[in-house]
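Structure first, then comments.
What follows is calculated from the coordinates using simple rules that are stated; it is not laboratory data. In this text the structure is predicted, and so the values were computed from the model without any measurement. No Cβ is skipped: glycine too gets one built from the backbone with ideal geometry, and neighbour counts run over all protein chains shown.
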Amino acid sequence: MSKEENISVLLDEKRVFKPREEFVVQTNVKQWMDKHGIKNADELYEKADNWEWFWEEISKELVEWYEPYSKVVEWNPPYVKWFIGAKYNIVHDALDRHAHSWRKNKVAYIFEGEPGDVKKLTYYDLYIEVNKLANSLKKLGVKKGDRVAIYMPMIPELPIAMLACAKIGAIHSVVFSGFSALAFRDRVNDCEAKVVITCDGFWRRGRKVYLKEQTDVALEDAPSVEHVIVCKRTGDGVPWTPGRDVWWHDLVFDASKECETERLDANDPLFFLYTSGTTGKPKGIIHAHGGYAVGTAYTLKWVFDMKDTDVWWCAADIGWITGHSYIVYAPLILGATSVIYEGAPNYPEPDRWWQIIEKYNVTLLYTSPTSIRLFMKYGEEWVKKHDLSSLRLLGSVGEPINPEAWIWYYKHIGNERCQIMDTWWQTETGHFIISPLPITPLKPGSATKPLPGLAADVYNEQGEPVQNAGGNLVLTHPWPGMLRGIYKNPERYEKTYWSKFKNVYLAGDVARKDEDGYFWVQGRADDVLNVSGHRIGNSEVESALVSHPLVAEAAVIGKPHSLKGEAITAYVVLKKDAAPSEELRKELREHVGNEMGKIARPDEIWFVNDLPKTRSGKIMRRVIRSKALGQDVGDISTLANPEAVKEIARAK
Ligand code: PRX
């Protein structure tokens with residue numbers, strides 16, 4: 001696909017869904033407007049354009065500093081600092097203050113395991129567990145600034161581990177438990193983790209996943225790791241390295257229940273989270289305590305209208321940014337009750353989620369278009385078996401939501417009562433950027449506008465703002481949850497996000513802004529795939545394929561997929577002595593699974609003799625993709641081997 005086609009406008013959705021007036025009047029945002037004498041939404045956005053003022057006001061209501069800041073923001077492009085000079089720790093807001101308030105006995109997490117076991121943790125329970133683990137980490141020698149890698153499934157010990165690190169000023173680096181041992185190893189080594197926290201195993205689709213075994217494989221070559229803390233989930237025996245491994249329950253057994261929270265600088269790092277980019281190696285995105293706390297709490301409170309009476313279910317995995325921000329930090333800062341579910345959405349039957357909503361009276365549900373399309377496929381009969389009348393707002397994240405899925409979600413899950421908050425954001429942004437408020441008229445498929453205090457635009461290749469035409473999605477001023485860099489790689493940080501347009505953040509997405517200022521995000525502009533709302537670099541899958549002894553070269557593209565958004569398609573050139581076969585295809589799929597994790601396994605693998613290349617030897621993914629999708633490939637006369645394009649056409 002040529003750049004112009006890539007940037008062309010694909011959607012033209014006309015329907016508008018207005019929020020119900022009786023809902024609007026009770027929202028947090030409306031109450032804030034009333035308090036500030038703001039009459040309507042336009043005035044709100046306008047006032048918040050004075051963003052330094054706005055963030056000062058917002059921060060006052062959401063967080064408590066140990067020592068106040070002297071300046072709201074310091075912007076030395078491309079580096080930002082927020083709440084300069086403040087002493088702070090996010091754990092104070094997320095936990096300590098609730099444990100000493102009326103929220104002490106309020107449930108923070110309702111955990112449901114896949115086999116059906118249930119555990120409820122109050123804010124006080126959580127506080128004690130976090131303190132015990134924080135003291136234990138100290139005992140193992142973990143200090144402020146040390147990195148702790150966490151490889152855990154969706155169990156309450158995962159947020160406990162994250163908060164325990166943050167409490168003592170250590171930096172957590174959580175790796176999604178669906179990633180392979182080798183992917184975990186890369187991330188452990190990149191951040192030079194001193195300690196790893198994992199568990200024996202967990203449940204997925206009725207089967208056990210043996211995570212400790214995977215951890216051990218990862219740590220065969222991870223010299224920085226001194227200790228492994230193992231949490232018991234399945235109760236199975238695990239391989240053990242004496243002196244290095246220690247059971248979580250043994251470690252915390254006699255640990256003190258009180259642990260002083262480290263008073264950090266508001267700009268000290270809170271965590272790293274790795275995300276895929278256009279080159280092979282994932283990037284360690286850095287987030288800091290203060291601004292991130294304000295940005296995540298604000299967005300959850302306003303967009304999802306979070307109240308103390310709500311039961312919040314963000315059905316993402318904590319291993320991704322969505323879970324970090326909206327299962328762990330923001331809901332805890334707001335003192336919310338959240339659901340954590342361990343297992344697969346369709347296990348044992350396709351109504352597991354609807355059962356959970358009914359059982360716990362979930363009021364706010366936040367999920368991805370991929371999940372919605374999966375449930376659509378099963379049909380509304382499964383939904384109808386359950387009373388979902390507790391729901392009051394719905395949300396979507398991770399990829400553009402197609403209007404068909406939007407309408408299904410609105411009709412069958414929200415019963416035409418609940419507005420859908422389609423939130424656009426990224427690992428790098430830390431929190432929602434483009435998103436409706438519950439007072440915003442909605443157009444299915446559009447994430448609407450940048451929230452008050454935030455700014456986005458669409459630029460053409462020359463860096464000029466464009467309307468009603470596809471272009472590059474950019475963020476035009478800094479925001480509180482903005483990434484602070486890429487760990488150990490400032491050049492990559494500057495090049496990836498800040499080199500195309502001066503002092504403006506390049507999101508890497510293609511979008512269009514319509515006549516009402518609504519944004520329509522169409523997908524990635526760069527060579528990054530979006531599979532089920534998760535970012536996977538084409539080049540990462542290619543390097544995984546090429547690491548197989550029989551593979552000479554590989555090119556990976558995304559093809560539109562009705563459930564997953566994009567499906568991974570690989571074109572592989574084998575080494576001379578290898579022959580294509582169905583077995584080899586299976587083997588390569590598994591090989592990518594082992595290298596990266598199941599999510600990255602190609603849906604299709606085609607064996608070809610050659611791949612289209614430039615004269616300098618660069619594989620032309622763009623040409624391959626156009627050919628594979630039956631689109632015009634444009635001028636290929638400059639290719640070193642134009643005949644290779646025909647090979648792609650034959651591979652169908
Ligand atoms: O392409 C956009 C897509 O997901 C990318 C960010 O991926 P990640 O950092 O893994 O974070 C996902 C969860 C926040 C974006 O660059 N994306 C995310 N939300 C939306 C979206 N695309 C369209 N609409 C959205 N609501």
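Can you work out which of the residues in region 407-441 that are of a type in the set (Phe, Trp, Tyr) and within 11 Å of the ligand (Cβ to nearest atom) is surrounded by the most Cβ atoms within 10 Å (Cβ to Cβ)?
Checking each candidate, the answer is PHE432.
Can you work out which of the residues in region 506-544 that are part of a loop (DSSP other than H, G, I, E, B) and of a type outside the set (Ser, Thr, Tyr) is surrounded by the fewest Cβ atoms within 10 Å (Cβ to Cβ)?
GLU515
Considering only residues of region 315-331 that are more than 11 Å from the ligand (Cβ to nearest atom) and crowded, with 24+ Cβ neighbours inside 10 Å, which is farthest from the chain's Cα centre (by Cα)?
Residue satisfying both the conditions and the ranking: PRO331.
Sort out which residues of region 497-521 are among the β-branched types (Val, Ile, Thr) and within 12 Å of the ligand (Cβ to nearest atom), and write them in order of number.
VAL510, VAL521
Do you know which residues across region 442-453 are within 19 Å of the chain's Cα centre (by Cα), more than 9 Å from the ligand (Cβ to nearest atom) and of a type in the set (A, V, I, L, M)?
Passing the criteria: only LEU451.
Restricting the search to region 359-393, which residues are within 16 Å of the ligand (Cβ to nearest atom) and out of contact with any Phe, Trp or Tyr (no Cβ under 6 Å at 6 or more places or on another chain)?
Of everything in region 359-393, those that are within 16 Å of the ligand (Cβ to nearest atom) and out of contact with any Phe, Trp or Tyr (no Cβ under 6 Å at 6 or more places or on another chain) turn out to be TYR366, THR367, SER368, PRO369, THR370, SER371, ARG373.
What pairs can you find where one residue is in region 232-252 and in contact (Cβ under 8 Å) with a residue 40 or more places away in the chain, the other is part of a helix (DSSP H, G or I) and not aliphatic (A, V, I, L, M), and their Cβ atoms are less than 6 Å apart, with a gap of 6+ or different chains?
LEU251/SER136; VAL252/LYS132; VAL252/SER136
Considering only region 545-558, I want to know if a residue exists there that is part of a loop (DSSP other than H, G, I, E, B), in contact (Cβ under 8 Å) with a residue 40 or more places away in the chain, crowded, with 18+ Cβ neighbours inside 10 Å and more than 13 Å from the ligand (Cβ to nearest atom).
Going through region 545-558, the residues part of a loop (DSSP other than H, G, I, E, B) turn out to be 547-550.
Okay, now just the ones that are also in contact (Cβ under 8 Å) with a residue 40 or more places away in the chain, so 547-548.
Then keep just the ones that are crowded, with 18+ Cβ neighbours inside 10 Å; that gives 548.
Narrowing the set further to residues that are more than 13 Å from the ligand (Cβ to nearest atom) leaves 548.
Among the residues of region 545-558, at least one is part of a loop (DSSP other than H, G, I, E, B), in contact (Cβ under 8 Å) with a residue 40 or more places away in the chain, crowded, with 18+ Cβ neighbours inside 10 Å and more than 13 Å from the ligand (Cβ to nearest atom), which makes the answer yes.
Name every residue in region 160-202 that is of a type in the set (Phe, Trp, Tyr) and under 19 Å from THR241 (Cβ atoms), in order of residue number.
PHE184
What are the pairs with Cβ atoms under 8 angstrom where one residue, in region 264-281, is over 15 Å from ARG492 (Cα atoms) and the other, located anywhere, is among the polar types (S, T, N, Q) and more than 16 Å from the ligand (Cβ to nearest atom)? Sequence gap at least six, or different chains.
As it stands, the answer is LEU264/ASN89, since those pairs meet every condition given.
So which strands (runs of 3 or more DSSP E) stay within region 220-285 end to end and still have 1 or more residues that are within 16 Å of the ligand (Cβ to nearest atom)? First the steps, then the outcome.
Values: elements: 227-231, 245-247, 269-275.
Filter on region 220-285 gives 269-275.
Got at least one residue in region 572-591 being touching a residue at least 60 places away in the same chain (Cβ under 8 Å), surrounded by fewer than 20 Cβ atoms within 10 Å (Cβ to Cβ), away from the ligand (no atom under 16 Å from the Cβ) and not in a loop (DSSP other than H, G, I, E, B)?
The answer is no; no qualifying residue exists.
Restricting the search to region 350-395, which residues are under 24 Å from the mean Cα position of the chain (by Cα) and among the hydroxyl-bearing types (Ser, Thr, Tyr)?
Result: THR363, TYR366, THR367, SER368, THR370, SER371.
If a residue counts only when it is more than 25 Å from the chain's Cα centre (by Cα), which strands (runs of 3 or more DSSP E) contained entirely in region 92-177 have at least 1 such residues?
118-122
When only residues in region 341-353 that are surrounded by fewer than 23 Cβ atoms within 10 Å (Cβ to Cβ) and not in a loop (DSSP other than H, G, I, E, B) count, which is nearest to the ligand (Cβ to nearest atom)?
TYR341
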